[in-house]
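**Student:** Submitted below is the structure of interest, expressed as structure tokens.
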Amino acid sequence: MEFSENQIQRYARHILLDEVGGEGQARLLDAKVLVIGAGGLGSPMLLYLAAAGVGTIGVVDDDVVDLSNLQRQVIHSTASIGRPKVESAGDTLSAINPDVRLIGHNERIDAGNALALISGYDLVADGSDNFPTRFLVNDACYFARKPLVSGAILRFDGQVATFKAYEAGDNPCYRCIFREAPPPGQIPSCAEAGVLGALCGMIGSLQATEILKELLGIGDSISGSLIIYDALGATFRKIKVKPDPGCPLCGENPTITDLSAHETGDDRA
């Protein structure tokens, strides 16, 4: 594709990278990414994906902006309180980069709409704040054969992983690591236990980096690994994770063959 003079200036630091160049930037402009949640993790992901020139960005969130969100959900402002998050996010992204088309899905992702939502995108990024949604998104991405970049945060800890279990090789799914959701109340949510606001920026930015790598086909995919960050200890760990032959989704004898058994919770952190 031919870039306008404005685009050459806007994306100059990408185009200078041998691993990206003009061809890679054109690929980003043609890419479509769906972000689940416009909250603590979704905010930095959306900001950096828009700035990078990802041409079509969908965001799923049925919530409105609340004052308590602003400590970490940096895509929203005080003036946005009471507005739907997808509208607030859309205004912010348009101001950052008019090249980007944002599609706001002002709804909650569930078993009835997950496959339809995901099918229109090249990659899915999960920024939800509950286990039911994480399991649903994992299963739906597996059935739709879409790469999933997943993040999670709580208090001072975060983790990031990429899942492509539909591909051959050492590519586990989320269920290979966490077989099933813990009982309700066993692990608190951010609303119950709190979270350091800047940690959301750290993990969401890591997710954005992995998304761009997957779209560009550069570097080493972290599929098959789990990255864990401890903010208080200032430490990163990268743990190797292999596919589980007994996984009920992607294992040798799967028992999960559709999304009918899923229930979901909130879509945002």
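**Student:** Among the numbered criteria (1) touching a helix residue (DSSP H, G or I) at 6+ places or on another chain (Cβ under 9 Å); (2) of a type in the set (A, V, I, L, M); (3) without any contact (Cβ under 8 Å) to a residue 24 or more places away in the chain, which one does Ala168 miss?
**Tutor:** The failed condition is (1).
**Student:** Being under 17 Å from the mean Cα position of the chain (by Cα) and under 28 Å from Asp122 (Cβ atoms) is true for just one of Gly169, Gly219, Gly151. Which residue is that? Give the steps one after another, and end with the answer.
**Tutor:** Values: Gly169 fails: under 17 Å from the mean Cα position of the chain (by Cα); Gly219 fails: under 17 Å from the mean Cα position of the chain (by Cα).
Gly151 is the lone residue from the list that is under 17 Å from the mean Cα position of the chain (by Cα) and under 28 Å from Asp122 (Cβ atoms).
**Student:** Out of (1) farther than 23 Å from Val195 by Cβ; (2) polar (S, T, N, Q); (3) part of a loop (DSSP other than H, G, I, E, B), what's the single condition that is false for Ser94?
**Tutor:** With respect to (1) farther than 23 Å from Val195 by Cβ; (2) polar (S, T, N, Q); (3) part of a loop (DSSP other than H, G, I, E, B), Ser94 is out only on (3).
**Student:** Right, another one. Restricting the search to region 121-141, which residues are at pLDDT below 95 and surrounded by fewer than 18 Cβ atoms within 10 Å (Cβ to Cβ)?
**Tutor:** Once the filter is applied, which keeps residues that are at pLDDT below 95 and surrounded by fewer than 18 Cβ atoms within 10 Å (Cβ to Cβ), region 121-141 yields only Pro132.
**Student:** If Ala111 satisfies all but one of (1) closer than 21 Å to Ile203 by Cβ; (2) open to solvent by 30 Å² or more (accessible area, probe 1.4 Å); (3) among the aliphatic types (A, V, I, L, M); (4) in a loop (DSSP other than H, G, I, E, B), what's the number of the condition it fails?
**Tutor:** Of everything listed in (1) closer than 21 Å to Ile203 by Cβ; (2) open to solvent by 30 Å² or more (accessible area, probe 1.4 Å); (3) among the aliphatic types (A, V, I, L, M); (4) in a loop (DSSP other than H, G, I, E, B), Ala111 misses just condition (1).
**Student:** For region 14-40, enumerate the residues that are closer than 16 Å to Phe3 by Cβ, in contact (Cβ under 8 Å) with a residue 60 or more places away in the chain and open to solvent by 50 Å² or more (accessible area, probe 1.4 Å).
**Tutor:** Arg27
**Student:** OK, next. Checking Leu117 against (1) farther than 18 Å from Leu206 by Cβ; (2) among the aliphatic types (A, V, I, L, M); (3) touching a Phe, Trp or Tyr at 6+ places or on another chain (Cβ under 8 Å), only one condition comes out false. Which one?
**Tutor:** The number of the failed condition is (3).
**Student:** Let me ask you something else. Given the criteria in contact (Cβ under 8 Å) with a residue 60 or more places away in the chain, under 17 Å from Ser150 (Cα atoms), open to solvent by 70 Å² or more (accessible area, probe 1.4 Å) and under 23 Å from the mean Cα position of the chain (by Cα), does Lys242 qualify? Step through it out loud before you land on a result.
**Tutor:** Numbers: in contact (Cβ under 8 Å) with a residue 60 or more places away in the chain: yes; under 17 Å from Ser150 (Cα atoms): yes; open to solvent by 70 Å² or more (accessible area, probe 1.4 Å): yes; under 23 Å from the mean Cα position of the chain (by Cα): yes.
Yes, satisfied.
**Student:** What residue, of Val59, Val64, is touching a strand residue (DSSP E or B) at 6+ places or on another chain (Cβ under 6 Å) and touching a residue at least 40 places away in the same chain (Cβ under 8 Å)? So that I can check it myself, show each step before the final result.
**Tutor:** On the way: Val64 fails: touching a residue at least 40 places away in the same chain (Cβ under 8 Å).
Every option except Val59 fails the conditions.
**Student:** Output the residue which, of all residues in region 41-98 that are within 19 Å of the chain's Cα centre (by Cα) and hydroxyl-bearing (Ser, Thr, Tyr), is most open to solvent (accessible area, probe 1.4 Å).
**Tutor:** Of everything passing the filter in region 41-98, Tyr48 is most open to solvent (accessible area, probe 1.4 Å).
The values are calculated or read from the model by the stated rules, or taken from the named source; none is laboratory data. Predicted, not measured: the structure shown is a model, and the values here were computed from it. A quick note on method: Cβ atoms are made from the backbone with ideal geometry, for glycine too, and the neighbour counts reach across all protein chains shown. To get the accessible areas, we keep the full protein, side chains included, count just its heavy atoms, and leave off ligands, DNA and RNA. Shrake-Rupley method; radii C 1.70, N 1.55, O 1.52, S 1.80 Å.
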